[in-house]
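Student: Quick one: the structure is below, questions incoming.
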Amino acid sequence: MYDEIVLQPEYLKKLFLSFKFQNHDKIFSVLKDSNRIFLVGCGTSYNAALSSFSISQIIFKKENKFRAIPARELMSPDISLNNKDVVIAFSHSGDTKATFDCIEMANQNNCKTILVTGNIDSRCANISDFVFTYGYQKDKSLAHTITYTLSVFLMLLIMGILSRRMGGVAIDDRINSIAIQLPSLFENIINRRKEIKKIAESLKSKFYVICGNESTIGVAHEAALKFGEVHYTPTISMDIEQIFHGPLVMCNKDTTILVTASNINIDSRISDLFKASRIIGSTSVLFTTEKSSVTNSNYVFHMPDCHELLVPLLYTLPMQLISYYISINKKLNPDYIRRDQLAYKEAREAYE
């Protein structure tokens, strides 16, 4: 897991350069002419879809036709897929059952299907109309980190080109200049990983709540998944405002509340949350911009300044690192996500 986290800047650079010189005219014509574009996946792949949707909101605003939805939910008859829809499915392995079923159903409804994957020789790839690969074939750790990041970065590049096809020439030019900054921003945080390790060493909680908003809600959901997968600690994720409306009563001195937020307009609400958390004895951790005015968090990690389009990508990195370090501190192996334990192996076989 650690190796794949620190490899991310290198593979981001490779993806940017390789994608720049590829021609996908037919795919972009399909995307431009569509009425709806569904981003689907399961687990980490669904969280990549959520973060990609956050990026699409920034780029396309009122003209946005992207929607993020869990793969199984797309199969609801209420969606009523048709030949003017496009389904973009995320799958690291290309063999996820629900994602395969979703693509198959989309094909039956005459939708165009696009797979975002590392494995171009997979079941999902074989039944998709088009395949985008991000250049990293197989995760060496079952705690998906690098393939999550590459999937979302690939969607940023795709949306940049699509915006030009839809008439947004200026924003496409900006997206290229913004996207190329990401590898160095990742390197900035990786070079400061000792700060994150020190925070992780202080956290001994039995329950974690991870909050995000707008561009970081996908980050929060992905971080919660990683916490559960690599150190098995009960963890939930939600929008920052929602914790005030019920979930706070689950928190106590054995709880850590982590907030990842780049929007300083909600600083006062974050301060309210940390004031409340101190009263009930919970620990607070904040990942935010240096422009933030929040001063009452137990721990804070200041993120390097970046364009809002990069927030769903950049803010995931410290959450990957902190989940890794907590796992190591608990003397666990984060790479297996319990698939080396017979009961969990058999449990997985029961539903696959």
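Student: If I ask for residues that are on the phi > 0 side of the Ramachandran plot and open to solvent by 70 Å² or more (accessible area, probe 1.4 Å), which ones from the range 324-337 would you list?
Tutor: K331
Condition check ((1) crowded, with 17+ Cβ neighbours inside 10 Å; (2) touching a strand residue (DSSP E or B) at 6+ places or on another chain (Cβ under 7 Å); (3) assigned to a helix (DSSP H, G or I); (4) of a type outside the set (A, V, I, L, M)) across all residues:
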| residue | (1), (2), (3), (4) |
| --- | --- |
| I217 | yes, yes, yes, no |
| L225 | yes, no, yes, no |
| S237 | yes, yes, no, yes |
| K253 | no, no, no, yes |
| S277 | yes, yes, yes, yes |
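Student: Still on this structure, I have one more. For the range 163-180, check the following and say yes or no: at least one residue is within 14 Å of H24 (Cβ to Cβ) and basic (K, R).
Tutor: So far as the range 163-180 goes, yes, one or more of its residues are within 14 Å of H24 (Cβ to Cβ) and basic (K, R).
Student: Something else about it: Given the criteria on the phi < 0 side of the Ramachandran plot and surrounded by 16 or more Cβ atoms within 10 Å (Cβ to Cβ), does R165 qualify?
Tutor: Spelling it out, it is not the case that R165 is on the phi < 0 side of the Ramachandran plot and surrounded by 16 or more Cβ atoms within 10 Å (Cβ to Cβ).
Student: Separate question: For the range 200-214, give me the residue count where each residue is at pLDDT 95 or above, under 28 Å from E308 (Cα atoms) and surrounded by fewer than 24 Cβ atoms within 10 Å (Cβ to Cβ).
Tutor: 1
Student: Right, here's the next one. Would you confirm whether any residue within the range 300-317 is touching a residue at least 24 places away in the same chain (Cβ under 8 Å) and of a type in the set (D, E)?
Tutor: yes
Student: Which of the following residues is at pLDDT 95 or above and within 17 Å of the chain's Cα centre (by Cα): N35, N107, N47?
Tutor: N47
Student: Moving to a separate point now. Find the strands (runs of 3 or more DSSP E) located wholly in the range 45-160 whose residues include 2 or more that are under 30 Å from S327 (Cβ atoms), and list them.
Tutor: Here the list reads 66-70, 85-90, 112-117.
Student: Between a first residue in the range 187-199 that is touching a residue at least 24 places away in the same chain (Cβ under 8 Å) and a second residue that is among the aliphatic types (A, V, I, L, M) and assigned to a helix (DSSP H, G or I), which pairs have beta carbons less than 6 Å apart while being 6 or more apart in sequence or on different chains?
Tutor: Listed pairs, sorted by first residue: I189/L317; I190/V6; R193/L321; I196/L321; I196/I322.
Student: I'd like to know if the range 177-187 contains one or more residues that are at pLDDT below 95, assigned to a helix (DSSP H, G or I), out of contact with any Gly (no Cβ under 9 Å at 6 or more places or on another chain) and not β-branched (V, I, T).
Tutor: Within the range 177-187 (the criterion being at pLDDT below 95, assigned to a helix (DSSP H, G or I), out of contact with any Gly (no Cβ under 9 Å at 6 or more places or on another chain) and not β-branched (V, I, T)), the answer is yes, since at least one residue qualifies.
Student: Could you tell me which of the residues K62, K97, K32 is in contact with an Asp or Glu (Cβ under 8 Å, 6 or more places away or on another chain) and open to solvent by 60 Å² or more (accessible area, probe 1.4 Å)?
Tutor: K97
Student: Just wondering, is there one or more residues in the range 257-266 that are open to solvent by 50 Å² or more (accessible area, probe 1.4 Å), more than 29 Å from I146 (Cβ to Cβ), without any contact (Cβ under 8 Å) to a residue 60 or more places away in the chain and of a type in the set (A, V, I, L, M)?
Tutor: Yes - at least one qualifying residue is present in the range 257-266.
Student: Next question, about the same structure. Name, by its number, the condition in (1) in a helix (DSSP H, G or I); (2) at pLDDT 95 or above; (3) in contact with a helix residue (DSSP H, G or I) (Cβ under 9 Å, 6 or more places away or on another chain) that does not hold for K194.
Tutor: For K194, the exception is condition (3).
Student: Quick test for you: out of L317, L321, L286, L309, pick the one residue that is on the phi < 0 side of the Ramachandran plot and either touching an Asp or Glu at 6+ places or on another chain (Cβ under 7 Å) or assigned to a strand (DSSP E or B) (or both).
Tutor: L286
Student: Filter the range 189-199 down to the residues that are open to solvent by less than 60 Å² (accessible area, probe 1.4 Å), more than 21 Å from T233 (Cα to Cα) and touching a Leu at 6+ places or on another chain (Cβ under 7 Å) and list them by number.
Tutor: Once the filter is applied, which keeps residues that are open to solvent by less than 60 Å² (accessible area, probe 1.4 Å), more than 21 Å from T233 (Cα to Cα) and touching a Leu at 6+ places or on another chain (Cβ under 7 Å), the range 189-199 yields only I189.
Student: Filter the range 203-240 for residues that are acidic (D, E) and at positive phi and give the result.
Tutor: E214
Student: Determine if the range 306-317 includes at least one residue that is of a type outside the set (A, V, I, L, M), farther than 21 Å from Y2 by Cα and open to solvent by less than 70 Å² (accessible area, probe 1.4 Å).
Tutor: Yes, the range 306-317 has at least one match.
The values are calculated or read from the model by the stated rules, or taken from the named source; none is laboratory data. What you see is a predicted model, and the numbers here were worked out from it, not measured in a lab. Note that we place each Cβ from the backbone using ideal geometry, even for glycine, and neighbour counts take in every protein chain shown. Note: accessible area is taken over every heavy atom of the protein model, side chains too, but ligands, DNA and RNA are not part of it. Shrake-Rupley method; radii C 1.70, N 1.55, O 1.52, S 1.80 Å.
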